[in-house]
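Chemist: I am attaching a structure below and will ask some questions about it afterwards.
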Amino acid sequence: MKTYIFKQQYQWLLVAMAAVMTLSLQSCKDDEEGMGTPVITAVRSCDPAKADSTFTKAGTGSLIAIIGQNLSHVQKVYINDQPVYFNPTMNTDHSVVVTVPSEKDGFELTAFNSDLKDEIRVETSHGTATYAFKITAPWPSISRIQGAYPRLAGNVLDVYGLNLVDIEKVYFTDLTAEQLDTTVWETIGGTHVEASKVETVVKEHYQNSRTQAFETTSQLAVTIPDLPFEKGTLVIETAAGTTYIGFTKNPGQPIIFDISSDMPVPGEEVVITGREFVQVESVSFGDITLTPKQFTVSASEDAITFIMPQVPADGGNGLLTVVTPGGEGSALFWNLSGCFARFDGDATDNGWGPNASYETANGDDPPYTGDGKMAHFFLEEEGQSWWGQMIYFRKDWDGNKFPMPSYDIIPADASTDDLYLAMEVFNNESSFNDGVFTGYLRYFLQYDSEDPVSENDDSGNPNPVETVNQYDTFKWLDYGAGTFSHDRPVLADINGEAPVGKWYRHVVPLSKFGKYRGKDYRFVVENGINQFRIQFINQGTARGNVDVYVDNVRIFYKKK
């Protein structure tokens, strides 16, 4: 395997070398010995398809060819005053091929160390050549802007985002962000007015613990110039690229990005995230309208938090709407079109046991909600249990399917990676996820097919988990030794977290179910779902308690 990788790399270098040698033949010929004064004339890509273009900047990790004259007998190559490796066998009189190191390897960018130079330096046995060249930070992005309304000339606009460094230009254009989103452009058009002043307030450079990539949390203070237009776009051009966000002098229309749960129960904390939550007048859904005394808007004006007061009558119109002086923004909320069961007579219990209990959810303290019945798994101390308490429902005994959202709510081609079996849960200090307890929940979905198609295991036999279309978070590492792991926490939310002592939305990706892996929403709808089961299992011997409430089982969609 190592030999194969080495051969691949060597073949790539040969291709790069061939491209560089072809290009170098176009250069002026120096003295035949190649020992004259070294000169760098250009930097090119080692991709033959791009070999005709030169450039003066590149990102970390780029493979580049340094082109020039009298570049033989190279001893050292520096980028940003830091030595970089080069392959001597790829060194000719006219070129040197190098890879720009990554920050993970300790390479520093001039954006974060002003003592360094934006420069390539090649030292040979017969002299030194330099060339101005920029190694860029990652691509920039603006997450939000904040500033008092009306936004007048001389006011300061706070701009938040990532990698807002190596800034080359900040300006406003009368083209809207929507126009830029739907237009192919190389340079941004419209009427440009440069910002009066730009100051960096926050530039926190760090390594992301999840991706291991380096990024920069950024905040800029942009002084608004005298603008001849009421709305347009704020544009920031950096060495790495261009980013932009919509701008208005007066409050803009609120935009909802996400809601912490699409179908929360009464008493659950709900967080709406988005932008332009300025002077919010109301939050409404169905027959319920919340006034400013009943919700909190974050100081950054990008989040609204409230406690779900009650369920809207008949689900309302299936939308939540935020109203501000700038207009209205809406998102799906308490839409019943994809709800399988609220345990209030909308589905039929299969009657298998042992059954979870179904309790009327009245009272003042969590987990009680005032929302009819909910399912309750309760086991004070449970050891090995291969067939535990369950919620097992079908639509009805006539074989009808559970309702599914229409294709205008969930696109037919939506991947099952973005579709979820969702439910509200309250984990009341259960032993799940404590690193010892081997209990977990098993999920089962039956679709209406007399001859279900399942993939085979390595022996060519039907995989039993896929045959019944079930998913277990639990994975044995060594069955005999009783060691185990989970591919995600038991009762995880969409961020992979499993809160305790509060209501929240628990989700399981449909792609975790064998029959849905690699499929789309159309496949799920056309086959239909007429039964679901959620069951407690403990295949290990470690004992623990289970105390979990479940409500509002449904299908949910969120594009990653």
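Chemist: Tyr557 - would you say it is closer than 16 Å to Asp413 by Cβ, in contact with a helix residue (DSSP H, G or I) (Cβ under 8 Å, 6 or more places away or on another chain) and either of a type in the set (A, V, I, L, M) or modelled with pLDDT of 95 or more (or both)?
Modeler: yes
Chemist: If I filter region 406-427 down to residues being crowded, with 21+ Cβ neighbours inside 10 Å and out of contact with any helix residue (DSSP H, G or I) (no Cβ under 9 Å at 6 or more places or on another chain), which single residue comes out as farthest from Ile259 (Cα to Cα)?
Modeler: Looking at residues that are crowded, with 21+ Cβ neighbours inside 10 Å and out of contact with any helix residue (DSSP H, G or I) (no Cβ under 9 Å at 6 or more places or on another chain), I get Asn427.
Chemist: Looking at Ile135, Ile120, can you tell me which residue is within 20 Å of Val165 (Cβ to Cβ) and either open to solvent by less than 20 Å² (accessible area, probe 1.4 Å) or over 35 Å from the mean Cα position of the chain (by Cα) (or both)?
Modeler: The match here is Ile135.
Chemist: How many of the residues making up region 492-531 are at pLDDT 95 or above, under 30 Å from Trp397 (Cα atoms) and part of a strand (DSSP E or B)?
Modeler: Qualifying residue count, region 492-531: 6.
Chemist: Mind checking which residues of region 522-560 are of a type in the set (Phe, Trp, Tyr) and touching a strand residue (DSSP E or B) at 6+ places or on another chain (Cβ under 6 Å)?
Modeler: Hits for region 522-560 are Phe532, Phe536, Tyr549, Phe556, Tyr557.
Chemist: Need a quick list: strands (runs of 3 or more DSSP E) entirely within region 147-202 having at least 2 residues that are of a type in the set (Ser, Thr, Tyr).
Modeler: Correct list: 167-173.
Chemist: Looking only at region 216-241, how many residues end up being surrounded by fewer than 20 Cβ atoms within 10 Å (Cβ to Cβ) and closer than 11 Å to Phe172 by Cβ?
Modeler: The number of residues fulfilling the criteria is 6.
Chemist: So, one more: Does Gly161 satisfy being of a type outside the set (Asp, Glu) and under 30 Å from Ser95 (Cα atoms)?
Modeler: Judged against the criteria, Gly161 is not a match.
Chemist: Just need a number here: residues in region 487-507 that are surrounded by fewer than 17 Cβ atoms within 10 Å (Cβ to Cβ) and either in contact with a Ser or Thr (Cβ under 9 Å, 6 or more places away or on another chain) or among the polar types (S, T, N, Q) (or both).
Modeler: Number of matching residues: 5.
Chemist: From Asp520, Asp551, Asp547, which residue is touching a His at 6+ places or on another chain (Cβ under 9 Å) and of a type in the set (D, E, K, R)?
Modeler: Being touching a His at 6+ places or on another chain (Cβ under 9 Å) and of a type in the set (D, E, K, R) holds for just one of Asp520, Asp551, Asp547, which is Asp547.
Chemist: Only one residue in Leu109, Leu116, Leu152 is within 30 Å of Ser298 (Cα to Cα) and hydrophobic (A, V, I, L, M, F, W, C), so which one is that?
Modeler: Leu152
Chemist: Being in contact with a Ser or Thr (Cβ under 6 Å, 6 or more places away or on another chain), of a type in the set (A, V, I, L, M) and open to solvent by less than 10 Å² (accessible area, probe 1.4 Å) is the filter here; which residues of region 508-547 pass it?
Modeler: Across region 508-547, the qualifying residues are Leu510, Val546.
Chemist: Turning to a different aspect of this structure: Among the residues that make up region 263-271, is at least one of them touching a Pro at 6+ places or on another chain (Cβ under 8 Å), charged (D, E, K, R), within 27 Å of Ile410 (Cα to Cα) and open to solvent by 30 Å² or more (accessible area, probe 1.4 Å)?
Modeler: No, that holds for no residue.
Chemist: Taking region 300-335 as the region of interest, how many residues are open to solvent by less than 60 Å² (accessible area, probe 1.4 Å), polar (S, T, N, Q) and assigned to a loop (DSSP other than H, G, I, E, B)?
Modeler: Here the count works out to 2.
Chemist: For residues that are in contact with a strand residue (DSSP E or B) (Cβ under 9 Å, 6 or more places away or on another chain) and over 17 Å from Ser141 (Cβ atoms), tally how many sit in region 166-186.
Modeler: The qualifying residues number 8.
Chemist: Inside region 272-288, can you point out the residues that are outside any loop (DSSP other than H, G, I, E, B), within 24 Å of the chain's Cα centre (by Cα) and buried (at least 20 other Cβ atoms within 10 Å of the Cβ)?
Modeler: Listed by number, the residues that qualify are Ile272, Arg275.
Chemist: Of Ala16, Ala111, Ala65, which residue is modelled with pLDDT under 90 and either within 30 Å of Thr238 (Cβ to Cβ) or of a type in the set (Phe, Trp, Tyr) (or both)?
Modeler: So the residue among Ala16, Ala111, Ala65 that is modelled with pLDDT under 90 and either within 30 Å of Thr238 (Cβ to Cβ) or of a type in the set (Phe, Trp, Tyr) (or both) is Ala16.
Chemist: What are the residues in region 283-309 that are polar (S, T, N, Q) and at pLDDT 90 or above, if any?
Modeler: Within region 283-309, Ser284, Thr289, Thr291, Gln294, Thr296, Ser298, Thr305 qualify.
The values are calculated or read from the model by the stated rules, or taken from the named source; none is laboratory data. Since the structure is predicted, the reported quantities are computational estimates derived from the model, not experimental observations. Virtual Cβ from ideal backbone geometry, glycine too; neighbours counted across all protein chains shown. Only protein heavy atoms, including side chains, enter the accessible area calculation; ligands, DNA and RNA are left aside. Shrake-Rupley method; radii C 1.70, N 1.55, O 1.52, S 1.80 Å.
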